[in-house]
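Heads up: the structure comes next, in structure tokens.
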Amino acid sequence: MAHIALATGFILILIGLYGALTNRNILRMIVSFTVADTGVNLVIVAVGYLRGRTAPILDATLPAAEAAARIIDPVPQALVLTAIVIGVGITALMLAYAYKLHETKGSLDIADYRELKW
């Protein structure tokens with residue numbers, strides 16, 4: 001199960017990077033970055049998965065003495081939740097920039113913005 005998620009995450013990262021490097025349309029580049037971000041989140045969750053372990057909730061069914069051997073580390077899931085929120089914010093910012101660029105030039109082709117280079 002974890003191997004499939006890990007492989008899928010790496011494939012999503014590669015698809016996203018390929019799309020970001022080969023597309024000239026700014027919106028397609030933004031979608032490609034989002035796909036790569038999703039792949040990174042999937043890889044982090046897959047790395048943190050341990051077969052046969054349970055959620056890190058201490059109650060009557062899980063004694064505190066056995067907790068270290070029977071629970072999953074919650075840090076990767078917390079990192080992914082944080083990364084999802086940050087990714088949504090970055091995507092919204094990129095879309096706002098794309099909107100302003102389209103409003104200014106009337107185009108979303110990256111080649112039309114040569115004057116922004118140094």
Practice problem: Could you check which residue among THR104, THR22, THR38 shows the biggest mean-square fluctuation in a GNM of the chain with a 10 Å Cα cutoff? | Solution: THR104
Quiz item: Say each of GLN77 and THR104 gets a label point 7 Å from the Cα, pointing the same way as Cα to Cβ; how far apart are those two points in nm?
Solution: 4.4 nm
Practice problem: Compute the FRET efficiency between ILE44 and ALA68 as 1/(1 + (r/R0)^6), taking r as their Cβ-Cβ distance and R0 = 30 Å, and round to the nearest 0.05. | Solution: 0.90
Quiz item: To one decimal place, what Kirkwood hydrodynamic radius in Å is obtained for the chain from all pairs of distinct Cα atoms?
Solution: 16.9 Å
Practice problem: Take the eigenvalues of the Cα gyration tensor for segment 2-60, scale each by 5, and report the square roots as semi-axes in whole Å, largest first. | Solution: 32, 12, 5
Quiz item: So how do ILE44, ILE84, ILE57 line up by other beta-carbon neighbours within 10 Å, fewest first?
Solution: ILE57, ILE84, ILE44
Self-check item: For LEU62, residues with placed amide H under 5 Å, excluding near neighbours
Solution: none
Self-check item: Zone residues, segment 19-34, relative to VAL85, backbone N less than 16 Å from point 7 Å out along Cα-to-Cβ
Solution: none
Self-check item: Cα centroid of segment 1-70 to Cα centroid of segment 94-109, whole Å
Solution: 31 Å
Exercise. Pull up all non-local amide H partners of ILE71: gap of 5 or more, or a different chain, and H-to-H distance under 5 Å with H placed in the peptide plane.
Key: THR54
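A short reminder: the numbers here are calculations on the coordinates, not readings from a lab. Source: prediction; values computed, not measured. Cβ atoms come from the backbone with ideal geometry, glycine included; neighbour counts cover every protein chain shown.
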